[in-house]
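Quick notes on the structure that follows.
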Amino acid sequence: MLTGDIPLTSGDAFVYTKSVKTEIKTVQQQLGYCPQFDALIPELTGRETIRLFARLRGVQEAEIDGLADALAVKLLFSQHIDKPCGTYR
């Protein structure tokens, strides 16, 4: 319910004073992602993974591709960013 995956049937909940019922997008920007296992989805490329998490965190769409390129350079995986994560070692 707090993430918006399951709709509220009644009542409301608040995250940092923001309503899950009426301000779900703002609430989602305040939540983290903690996978139970590996955070990488093997079928997605590194670039697609960065795009996914950037969107989840509310990064402006116009900034996402530049962010992906900058991260690839800083993390030394530019040559692999467009390969599926399942091929990473």
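Values for this structure:
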{"item": "Qualifying residues in the stretch 11-37 (those that are charged (D, E, K, R) and in a loop (DSSP other than H, G, I, E, B)) - the one farthest from residue 86 (Cα to Cα)", "result": "12"}
{"item": "Complete set of residues in the stretch 43-57 that are within 10 Å of the chain's Cα centre (by Cα) and part of a loop (DSSP other than H, G, I, E, B)", "result": "57"}
{"item": "Residue that is surrounded by the most Cβ atoms within 10 Å (Cβ to Cβ) [pool: residues in the stretch 15-39 that are under 25 Å from residue 72 (Cα atoms) and within 11 Å of the chain's Cα centre (by Cα)]", "result": "29"}
{"item": "Residue list for the stretch 1-14, restricted to those being among the small types (Gly, Ala, Ser), surrounded by 12 or more Cβ atoms within 10 Å (Cβ to Cβ) and more than 13 Å from residue 29 (Cβ to Cβ)", "result": "13"}
{"item": "Failed item, numbered, when residue 62 is tested on (1) assigned to a loop (DSSP other than H, G, I, E, B); (2) at pLDDT 90 or above", "result": "(1)"}
{"item": "Pairs, first at positive phi in the stretch 13-40, second surrounded by 10 or more Cβ atoms within 10 Å (Cβ to Cβ), C-beta under 7 Å, six or more apart", "result": "16/30"}
{"item": "Restricting the stretch 40-87 to residues that are hydroxyl-bearing (Ser, Thr, Tyr) and surrounded by 13 or more Cβ atoms within 10 Å (Cβ to Cβ), the residue that is nearest to residue 24 (Cα to Cα)", "result": "49"}
{"item": "Matching option when the condition is assigned to a loop (DSSP other than H, G, I, E, B) and outside the structural domain of residue 57 (by TED's automatic domain parsing), among 40, 8", "result": "8"}
{"item": "Complete set of residues in the stretch 15-32 that are at pLDDT 90 or above and either touching a His at 6+ places or on another chain (Cβ under 7 Å) or not β-branched (Val, Ile, Thr) (or both)", "result": "16, 18, 19, 21, 23"}
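The values are calculated or read from the model by the stated rules, or taken from the named source; none is laboratory data. Bear in mind that the values here come from a model prediction, so they are computed numbers and not experimental data. Counting neighbours? That spans all protein chains shown, and the Cβs are built from the backbone with ideal geometry, glycine included.
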